[in-house]
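The values are calculated or read from the model by the stated rules, or taken from the named source; none is laboratory data. These numbers were taken from a predicted model, which means no experiment stands behind them. Note that each Cβ is placed from the backbone with ideal geometry, even for glycine, and that neighbours are counted across all protein chains shown. Surface areas here come from the heavy atoms of the whole protein model, side chains and all, with no ligands, DNA or RNA. Shrake-Rupley method; radii C 1.70, N 1.55, O 1.52, S 1.80 Å.
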Amino acid sequence: MDLRFSPEENAFRQELRSFFRSAVPETIRAKVSENRHLSKEEMVTSHKILHAKGYAVPHWPKAWGGADWTPVQHYIYTEELQYNGVPQPLPFNVSMCGPVVIAFGTPEQKKRFLPRMAALDDWWCQGFSEPGAGSDLASLKTTAVRQGDHYIVNGQKTWTTLAQHADWIFCLCRTDPEAKKQLGISFLLIDMKTPGITVRPIQTMDGGREVNEVFFDDVKVPVENLVGQEHRGWDCAKFLLGNERTGIARVGYSKQRVQRIKELASRVMAGDRPLIEDERFREKVAAVEVELKALEMTQMRVLAEDRHRKDRLPNPKSSILKIRGSEIQQATTHLLLEIAGPLAVPYQADSDDAQFGSNEPPEDLEWAAPAAPAYFNYRKTTIYGGSNEIQRNILAKAVLGF
Amino acid sequence: MDFDLNDEQRQLKDSVDRLLADSYGDLAQRMGYMKEPKGYKAALWQQYAELGLLGIPFAEEHGGLGQGLTETMIVAEAFGRALAIEPYLATVVLAGGVLRHSGNAALLEELVPAIVEGKLTLALAHQERQARFDLADIATTARADGKGGYTLEGEKAVVLAGDSADKLVVTARVSGARADRSGIGLFLVDAKANGVTRRGYPTQDGQRAADVTLSAVRVTPEAVVAGPDKGLQVLERAVDEAIAALSAEAVGAMGGLHELTVDYLKTRQQFGVPIGSFQVLQHKAVDMLTALEEARSMAYYATMMAAEPDARERRKAMAAAKVQIGKSARFLGEAAIQLHGGIGMTMEYKAGHYFKRLTMIDMAFGDTDHHLRELAKMGGLT
Ligand SMILES: Cc1cc2nc3c(=O)[nH]c(=O)nc-3n(C[C@H](O)[C@H](O)[C@H](O)COP(=O)(O)OP(=O)(O)OC[C@H]3O[C@@H](n4cnc5c(N)ncnc54)[C@H](O)[C@@H]3O)c2cc1C
């Protein structure tokens, strides 16, 4: 056991750091670290810059643009990317659908979808959840009925993140209504331009517009868009959800947010001294840092353990990362809210809310404007990707044997 | 000791609850009011007047109802449960409280009848950007003109209901350094007076506020609410009453949110059963209940102690109440969203609005940590 990084690994880190800082526009990175919304264009720009350098899908097999890195290198990559405020390459493409197609897809599907997915020439979204099927995903009702060379899809998905930008959606649909819950589900790739698809936005409580409802009304999907075996889509889903769990820890972003907390708290005065000099506040920041370090080390241990696992099923311990990663993200957004204090009260309506009149905050208060919305919005992190209650159920069963 | 409401109080509670249930039963109604010119429903304000709500704390000799803090608590709790957005706190409790505690009979006689009839709304223009939670931190200046009047100069931030108010009660420094406890005066300014500029905007919780710039604003001797000898003391009394009212409002919001959550747990089906059948969620709902009951107890305590003449004892009690309310509200609010899953995250559903209001209440007049620190500095409660 040697827990230090080697000189090569440190050099690798330096190389990534200087690339991220010089190649990805400062305006985009600042938005990420300040919890501001990115436009589609900004996300695509950043993704393509990474892709050109081979940094969008380094975890994919070499043949499909992967980098053949060691687990430690992957870890360093993720940490540096996040810590420098670089937007994550679109997770729906690179961490969710891509790996499923790689693991379960046909050679034709790989050739057709993977390059465009890696380059973000196509934007993908995730059509799993339904109004009646959240935690109990396997109770989903959207149907896909085989008719000759096509499936006819009917039903509704919901909470579909950024479906408004999407070219494609990967969906779980019920293909065998007779089979027991998990056994009659198939994993389908659906072109969002197909007639019969309607996207309706859902506004979140913070005012954001990142989720949608997606309706399917007799949508024709070619049979060649089925990934894996018919009725065995649940295998793909399980595989995908396990990957989602590890990505969700977001250690680097939390580290960056802790930095920002310290910077802002040294500027904001509480009485006659900066807030950071207030013992109680300072201790809370330090406590989050300890939690974050414990998470970081745990994440490295889970990665190391994964190397010895023979199956390709997700490590149930990644649920620990999801639980703690989300809770720490929420704690950091609350600390930012505390810093802003009464200055967090004004609501900066986005352009869609014109009825309230748009109001730009005074320039010197711009930092305070996203504090409350970010705190509200980050409540989602313990709900999505398998709620934290569901993660605890997984740990109870898979690790503790209850 | 008697925790029961008397007949009149029960009547008051019933009529406020009924009016608000009609006016705020559906979240869409609230969204509609937010789009009205004043940012709230002006017609409803008139109904509050008719019910006598706007006169509750003012003395009968000035045209008020001469009622007490318990009645204010009843109204505030109902407002919290309904998520009402009319500027009751700003007009009646805050600015109204300053007027009452100033003892300025001439101004009270002039203004209270108009307030009570719903013809005059007020806002307390006090908060400044640099001040955070220090009530004495005031950079806005009041320069004496030698004839009993003053000229105001400065900037106020996030003045609750500041963009719709007819008049502003402004805190300004007559003498002393920025955070000195002495030398603070209170001044009544017409919101449309020369030199007053207001930039209004919605707040995170669906209300409205304004940043107010005061530039060479003239105040006549008659419009001096309280002089620099006692401005801060008057302000503190009004703020303490506002903390009591906000505590009650928070309890109303927490009660509404808890009920909504428990109902949801009993109806939402996953895995073929109501999610409320999962014991881990039941326990969470029970912990929320505990948080709610603790908060209610401390809201009562705040209401009881808001009339305490000993300023130090009163401040300690308010700090204690604010700590409990903040703690309970955060726990209950976060848990409520979590137990709802995705639906709790949406603008279309009431839970998020409760959660946002509760979060903003914590930001008002000192957050949980601020009050914990203040209470500790005073040696704790006893
Ligand atoms: C911002 C956001 C973005 C999202 N993006 C996507 C997306 O792009 N694509 C997609 O498919 N989905 C997406 N989701 C959906 C997300 O995966 C679901 O919200 C999640 O699975 C929870 O389902 P639900 O909302 O129906 O809540 P429910 O399943 O109804 O859960 C309600 C509460 O009950 C608890 N609960 C449920 N079952 C149990 C149990 N057995 N034991 C203990 N507690 C339990 C839950 O933890 C939760 O607290 C998103 C959600 C959000 C909030």
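Based on a Kirkwood Rh over C-alpha pairs, give the Stokes-Einstein translational diffusion coefficient of the range B:247-304 at 10 °C and viscosity 1.306 mPa s in µm²/s.
Numbers: Rh = 12.3 Å.
Rounded to a whole number, D works out at 130 µm²/s.
Would you calculate, for the protein assembly as shown, the mean residue ellipticity at 222 nm contributed by helices, counting each DSSP H stretch of 4 or more residues as -39,500 (n - 2.57) and dividing by all residues, to the nearest 500?
Numbers: 23 runs with 355 residues, N = 784.
One gets -15000 deg cm²/dmol as the mean residue ellipticity at 222 nm.
Can you grab the distance from the C-alpha centre of the range B:277-304 to the C-alpha centre of the range A:190-245, Å, no decimals?
Value for the Cα centre distance between the two parts: 39 Å.
Output the peptides B:46-53, B:298-305 sorted from most to least packed, where packing is the average of other Cβ atoms within 10 Å over each peptide's residues.
On the way: B:46-53: 17.2, B:298-305: 22.1.
So the peptides B:46-53, B:298-305, ranked by packing, come out B:298-305, B:46-53.
Over 44 Å apart: what share of the alpha carbon pairs of the protein assembly as shown falls there, rounded to a whole percent?
Details: 98477 of 306936 pairs.
For the protein assembly as shown, the share of Cα pairs beyond 44 Å comes to 32 percent.
For chain B, compute the orientation-averaged projected area of the C-alpha convex hull (one quarter of its surface), in nm².
Numbers: hull surface 76.1 nm².
Value for chain B: 19.0 nm².
Could you list, in their original order, any pairs among A:Lys380/B:Lys41; B:Lys192/B:Lys356; A:Lys262/A:Lys380; A:Lys31/A:Lys111 whose Cα atoms are separated by more than 26 Å? Write down the numbers at each step before the final one.
Values: A:Lys380/B:Lys41 32 Å; B:Lys192/B:Lys356 31 Å; A:Lys262/A:Lys380 24 Å; A:Lys31/A:Lys111 35 Å.
Table pairs above 26 Å Cα-Cα are A:Lys380/B:Lys41; B:Lys192/B:Lys356; A:Lys31/A:Lys111.
Under 12 Å from the 7 Å Cα→Cβ point of B:Arg143, by amide nitrogen: which residues of the range B:174-190?
Taking a point 7 Å out along Cα→Cβ of B:Arg143, no residue of the range B:174-190 has its backbone N under 12 Å.
Inside 10 Å of the C-beta atoms of A:374-384, what's the mean count of C-beta atoms belonging to other chains? Write down the numbers at each step before the final one.
Details: counts 0, 5, 8, 1, 0, 10, 5, 0, 3, 9, 3.
For this peptide, the per-residue mean of nearby foreign Cβ atoms is 4.
Give me the distance in nm between label points sitting 7 Å out from Cα along the Cα-to-Cβ direction at A:Arg273 and A:Gln259, one decimal.
Between A:Arg273 and A:Gln259, the simple spin-label model gives 2.6 nm.
Between A:Val223 and B:Ala28, what is the FRET efficiency for a Förster distance of 45 Å, r being their Cβ-Cβ separation, to the nearest 0.05? It would help to have the intermediate numbers written out before the result.
Working: r = 44 Å, r/R0 = 0.98.
Efficiency for this residue pair is about 0.50.
Using the Karplus curve 6.51 cos²θ - 1.76 cosθ + 1.60 with θ = phi - 60°, work out ³J(HN,Hα) for each residue of the range A:374-387 in order, rounded to whole Hz, and write x for Gly and Pro.
For the range A:374-387, the Karplus-derived couplings read 5, 4, 5, 4, 6, 4, 5, 5, 8, 9, 7, x, x, 4 Hz, x marking Gly and Pro.
Anything losing 30 Å² or more of accessible area from the isolated chain to the full protein assembly: pick those residues out of the range B:125-149, probe 1.4 Å, ligands and DNA/RNA ignored.
Residues of the range B:125-149 that lose at least 30 Å² of accessible area once the other chains are added: B:Arg129, B:Arg132.
Just counting partner chain Cβ atoms within 10 Å, what average do the residues of peptide B:266-278 show around their Cβ? Intermediate values should be presented prior to the final figure.
Details: counts 0, 0, 3, 3, 8, 5, 3, 1, 0, 4, 0, 0, 3.
For this peptide, the per-residue mean of nearby foreign Cβ atoms is 2.
B:Ala84's amide H: which non-local residues (gap 5+, or another chain) put their own amide H closer than 5 Å, with H modeled 1.01 Å from N in plane and none for Pro or chain starts?
Here nothing satisfies the definition.
Rounded if a/c is under 1.5, else prolate if a/b is larger than b/c, else oblate: which is the range A:124-232, with a ≥ b ≥ c the root eigenvalues of its Cα gyration tensor?
Numbers: a/c = 2.22, a/b = 1.44, b/c = 1.54.
It comes out oblate by the Cα gyration axes.
Report, to the nearest whole %, how much of the accessible area of the range B:263-349 belongs to carbon and sulfur atoms, 1.4 Å probe, protein only. The partial results should precede the final answer.
Details: 2200 of 3830 Å².
Answer for the range B:263-349: carbon and sulfur cover 57 percent of the accessible area.
On average, how much area does the Cα convex hull of the range B:229-378 cover when viewed from any direction, in nm²?
9.5 nm²
Charges only on Cβ, +1 for Lys and Arg, -1 for Asp and Glu: so what's the dipole of the range A:19-80 about the Cα centre, in debye to the nearest 20? Please report the intermediate quantities before stating the final value.
On the way: 8 positive and 7 negative charges, 29 e Å.
Its charge dipole is roughly 140 debye.
Given a Förster distance of 45 Å, report the FRET efficiency between B:Glu60 and B:Thr290 from their Cβ-Cβ distance, rounded to the nearest 0.05. Numbers along the way, then the final one.
On the way: r = 41 Å, r/R0 = 0.91.
Using R0 = 45 Å, I get an efficiency of 0.65.
Ranking request for peptides A:11-21, A:330-340: highest mean number of other beta-carbon atoms within 10 Å first, then the rest in descending order. Before the final figure, lay out each step's value.
Values: A:11-21: 15.6, A:330-340: 22.6.
Ranked from most to least packed, the peptides come out as A:330-340, A:11-21.
Which order do the peptides A:294-305, A:199-210 take when ranked by the mean count of other beta-carbon atoms within 10 Å per residue, highest first?
Details: A:294-305: 16.5, A:199-210: 18.3.
Packing proxy ranking, top to bottom: A:199-210, A:294-305.
Give me the summed buried accessible area for the B-A pair, 1.4 Å probe, to the nearest 100 Å². Let's see the in-between values first.
Values: alone 16880 and 19640 Å², together 32170 Å².
Summing both sides, the interface buries roughly 4400 Å².
Report Rg(Cα)/(2.2 N^0.38 Å) for the range B:7-120, keeping two decimals.
Working it through for the range B:7-120, the quotient is 1.05.
For chain A, give the magnitude of the charge dipole about the Cα centre (Cβ charges: +1 Lys/Arg, -1 Asp/Glu; no others), in debye to the nearest 20.
Working: 51 positive and 52 negative charges, 248 e Å.
Here chain A has a charge dipole of around 1200 debye.
GNM on chain B, C-alpha springs below 10 Å: top fluctuator among B:Ala364, B:Ala321, B:Ala209?
B:Ala364
Inside 10 Å of the C-beta atoms of B:335-346, what's the mean count of C-beta atoms belonging to other chains? Walk me through the numbers on the way to the answer.
Working: counts 0, 1, 6, 6, 3, 2, 9, 12, 6, 4, 15, 6.
Per-residue shielding by partner chains comes out at 6.
Once amide H atoms are built 1.01 Å from N in the peptide plane, which residues 5 or more positions from B:Ala157, or in another chain, come under 5 Å H to H?
B:Gln127, B:Glu128, B:Arg129, B:Val212
Points 7 angstrom from Cα along the Cβ direction at B:Ser15 and B:Arg312: gap in nanometres?
Spacing of the two 7 Å Cα→Cβ label points: 4.3 nm.
For the range A:42-96 and the range A:103-168, compute the distance between their C-alpha centroids and round to whole Å.
So the separation of the two Cα centres works out to 22 Å.
Round to a whole angstrom and tell me the spacing of the C-alpha centers of the range B:218-241 and the range B:26-103.
Rounded to whole Å, the Cα centres lie 21 Å apart.
For labels at A:Lys62 and A:Ala179 in the simple 7 Å Cα→Cβ model, what's the distance in nm?
3.6 nm
What translational D, rounded to a whole number of µm²/s, comes out for chain A from Stokes-Einstein when the hydrodynamic radius is the Kirkwood one over Cα pairs, at 10 °C and 1.306 mPa s? Present the calculation step by step, with values, prior to reporting the outcome.
On the way: Rh = 22.5 Å.
Answer from the Stokes-Einstein relation: 71 µm²/s.
In square angstrom, rounded to the nearest 10, how much accessible surface does A:Arg116 have for a 1.4 Å probe?
Approximately 100 Å² of A:Arg116 is accessible to the 1.4 Å probe.
Show me the helices of chain B, taken as full DSSP H stretches, that run 24 Å or more along their long axis by Cα and average 0.0 or above in Kyte-Doolittle hydropathy. Could the numbers behind the result be given before it?
Values: long enough: B:7-24 (25 Å, -1.27); B:231-267 (53 Å, 0.47); B:279-305 (39 Å, 0.09); B:311-340 (42 Å, -0.29).
Long hydrophobic helices here: B:231-267, B:279-305.
Over the alpha carbons of the range A:1-98, what is the largest minus smallest coordinate on each principal axis, giving the biggest first in Å?
Cα spread of the range A:1-98 along its principal axes, largest to smallest: 43, 28, 20 Å.
Pop the C-beta distance of A:Trp69 and B:Glu50 into the FRET formula with R0 = 56 Å and round what comes out to the nearest 0.05. It would help to have the intermediate numbers written out before the result.
On the way: r = 73 Å, r/R0 = 1.30.
Once the sixth-power term is evaluated, E becomes 0.15.
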